[in-house]
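The block underneath contains the structure these notes are about, expressed in structure tokens.
Read-outs: derived from the displayed coordinates by stated rules, not from any lab. All of these numbers come straight from a predicted model, not from anything done at the bench. FYI the Cβ positions are ideal-geometry reconstructions off the backbone, even for glycines, and counts take in every protein chain you see.
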């Protein structure tokens, strides 16, 4: 594994039910970059590499990321790249770039206007175009099937799912960025109507627009601008086959494999990208997280999940706990694809 | 630890056609991958990670197709990344794959880029109207034609130079068994006689719309040294981005391209590109971009690039053969076109370019660009790891 010390030193985010602006989200990105510059004292000229994550399908057009670079102000030209994935994977590409020694700093950003279409139908276009998409199973329904398989197997029940939702929505009360918040009681949540049986609305991440940006830097560049940087101790990503019929939907082998490649001992906080309540239960098992680990103190994806930036936000929220001294070691996690198909796990620690 | 050496140890590509109705999207990718693995004498078990590149998902109508392709690409149970940087994506994808090896994270990485353009109409997929933006209703040709006109005016180039490029590349393509367009009768005169589409770009000066894929296996030093056949060492890579529009933008000689080239030559230890580079695979979707990129890359002074083309110096037997494969003008699966340039450069270095092999190549350039001449990616590959 690579050995260059790299840390998260800046993080800014916006989440909202409906962004009243262009699908390119350029207007959202400009103030986020401003916050990152304020946190680090840097200007765009201090950034060695830029990398973003977004989706053309979400924006309903080709090359949706092209105008996003206008938010940077890329004159003179910059060293820049883009992944058609959650921006957490853009952070991975940026981290690689720093590991090659070509650059010392990077700004990573993601954006998505989920409200521009019917999100759960848009995401059905991720499925196999020959056999699955023509049936048009939407993502909420697929997650419902996954939840049902786990219930039938006795691995979890509706109460356990409601407990996840209640804790998340309660914690979200302290998160000014959360768009759904306010816990009540497990009983009250269970009395609410079904949405996609066995999922209730609070079991599903709300459709969220938003954007986020993270600054990472190597060694002394990180120490110069952050009192207690969140040092990245490992990054690991894997993907599973998409086929719902051949996967054990109660498991996520790619999440387990990602975690197995890392050292998760002594983790205090884990920010898990679980857009459905039962998926948090799957991820806790696959990552081997004990009851002593605080899960999603931000409220997690159930409180707000802007597409293509929801994973990156988990990394930022985990890093923030380290900056604040609330955590010594933390985990950030991102997922992509239907039913936890693809996963990326990042471990980080404070060192002072 | 610093940057680890990396090399191309295998390349593969599909037969490029207007419609590859004989294969699915997965089958198209596998055709390239299987050839690349065979070329590298490796199997899927030897591959640590897969990097996928393609241009807009609207071209096939599948959102993030790498997710459904994961198993067919041999990526299930492995790391998978998906890059999209517009037309430069094939090049950027190779650079991301290189960085996985150069960062010391993986030993052997498979990268594949594809486009199955027959699934939709690429020209119109590029022209989705966007509120508050200048429409591009006539596709890429209409967008770039004014830049070509501007180049001709600024350089005082004779108006047949574009036809020279088109005739050369079509003749080169006859030596490339994978090329899409195979028109043995193409001459400068026939190009000049073809229909004017977007003045001054004639029909025969435009790229086709192709179905195709390209795959490249990149290995670390140990993997390269274990190869029984020649490899192409990755001497340097560079990427630069500028906006589509800004006051003072030079669409003919974009600063991002010039900056990327400058960084590339510096990293590769090249001071005189025309002297030190033996062959170049440039992203030339419209004929006139050959002289334009020759200037942008520093092979010729501003306004002088067309002289290299006109005097025949970019032919197979010239000082700097450009696009011996036939280039984008003969095969253009958009998402793969950049990786094809990078792969063809590597093939020349490895001595595996067959009938379009340039003799004695030691150093080669692969180049790609995208968007409104704003995204640039390029690499230099060579027979030895350092100069």
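Helix B:139-155 versus the longest principal axis of chain B: what is the Cα-based angle in degrees, 0 to 90, to the nearest 10?
For helix B:139-155, the angle is close to 60 degrees.
What percent does the relative contact order of chain B come to when contacts are Cα pairs within less than 8 Å and at least six residues apart? Please list the in-between numbers first.
Numbers: 951 pairs, mean separation 99.7, N = 387.
Once normalised by length, the contact order is 26 percent.
State, to one decimal in nm, how far the label point of residue B:226 lies from the label point of residue B:250, with both points 7 Å from Cα in the Cβ direction.
The modelled label-to-label distance comes out at 4.7 nm.
Residue A:326 to residue A:173: extension gain in nm, 0.36 nm per residue of separation minus the Cα-Cα distance?
Difference between extended and current length: 53.3 nm.
Of A:92, A:109, how do they rank once you tally other Cβ atoms within 10 Å and put the fewest first? Write out the running numbers ahead of the final one.
On the way: A:92 28, A:109 31.
Fewest to most other Cβ atoms nearby, the residues stand as A:92, A:109.
I want the antiparallel fraction of DSSP beta bridges within the protein assembly as shown, as a percent rounded to 5.
Numbers: 81 of 111 bridges.
So the antiparallel bridges amount to about 75 percent of the total.
Separation between the residue A:45 and residue B:160 pseudo-spin-labels, each 7 Å from Cα along Cα→Cβ, expressed in nm?
5.0
Between region B:327-385 and region A:156-232, what is the separation of their alpha carbon centroids in Å?
One Cα centre to the other: 46 Å.
Any chance you could run the full-extension gain for residue A:160 through residue A:251? It's 0.36 nm times the residue separation minus the Cα-Cα distance, nm to one decimal. Mind showing how you got there, number by number?
Values: separation 91, 0.36 × 91 = 32.76 nm, distance 1.66 nm.
Between residue A:160 and residue A:251, full extension yields 31.1 nm more.
What is the angle, in °, between the Cα long axis of helix B:334-350 and the longest principal axis of the Cα atoms in chain B? Nearest 10 is fine, range 0 to 90.
Once rounded, one gets 70 degrees.
Could you work out how far helix B:25-40 tilts from the main Cα principal axis of chain B, as a 0 to 90 degree angle to the nearest 10?
Taking the Cα atoms of chain B, the angle to B:25-40 is about 70 degrees.
Between region B:240-265 and region B:138-206, how many Å separate their Cα centres?
23
Please give the calculated 222 nm ellipticity per residue for chain A, where each DSSP H segment of at least 4 residues contributes -39500 (n - 2.57) and the sum is spread over every residue; nearest 500 deg cm²/dmol? Display every interim value, and only then the final one.
Working: 11 runs with 109 residues, N = 352.
Calculated from helices alone, the mean residue ellipticity at 222 nm is -9000 deg cm²/dmol.
Please work out the FRET efficiency for the pair residue B:183 and residue A:201, using the Cβ-Cβ distance as r and a Förster radius of 41 Å; give the result to the nearest 0.05.
Values: r = 60 Å, r/R0 = 1.47.
Using R0 = 41 Å, I get an efficiency of 0.10.
From largest to smallest, what semi-axes in whole angstrom does region A:174-245 give when each is the square root of 5 times an eigenvalue of its alpha carbon gyration tensor?
On the way: eigenvalues 273, 93, 28 Å².
After scaling each eigenvalue by five and taking roots: 37, 22, 12 Å.
Quick one: of the DSSP bridges fully inside chain B, what percent are antiparallel, nearest 5?
Values: 38 of 52 bridges.
Looking only at bridges with both residues in chain B, the antiparallel portion is about 75 percent.
Taking only the alpha-carbon positions of region A:47-144 and ignoring solvent, what does the Debye formula give for the base-10 log of I(q)/I(0) at q = 0.12 Å⁻¹?
With one equal scatterer per Cα and no solvent, log10 I(q)/I(0) is -0.49.
How much length is gained on full extension from residue B:24 to residue B:304, taking 0.36 nm per residue of separation minus their Cα-Cα distance? Don't skip to the end; give the middle numbers.
Numbers: separation 280, 0.36 × 280 = 100.80 nm, distance 4.49 nm.
Extending this stretch completely gives an extra 96.3 nm.
From the helices alone, meaning DSSP H stretches of at least four residues, give me the mean residue ellipticity at 222 nm for chain B, per-run term -39500 (n - 2.57), in deg cm²/dmol to the nearest 500.
Details: 13 runs with 129 residues, N = 387.
Theoretical 222 nm ellipticity from helices: -10000 deg cm²/dmol.
Measuring from label point to label point, each 7 Å out along Cα→Cβ, what is the residue A:224 to residue B:271 span in nm?
Placing both labels 7 Å beyond Cα along the Cβ direction yields 3.1 nm.
If you build a Gaussian network model of chain B, linking Cα atoms that sit under 10 Å apart, which residue out of B:287, B:227, B:127 swings the most?
B:127
How high is the relative contact order of chain A? Use alpha-carbon pairs under 8 Å, at least six apart in sequence, and give a whole percent. It would help to have the intermediate numbers written out before the result.
Numbers: 818 pairs, mean separation 88.3, N = 352.
Contact order relative to length: 25 percent.
Where is the GNM fluctuation largest for chain A (alpha-carbon springs, 10 angstrom cutoff): A:306, A:275, A:76?
Looking only at A:306, A:275, A:76, the largest GNM fluctuation is found for A:76.
What residue among B:272, B:22, B:57 has the largest mean-square fluctuation in a Gaussian network model of chain B, using Cα springs under 10 Å?
The residue that fluctuates most here is B:22.
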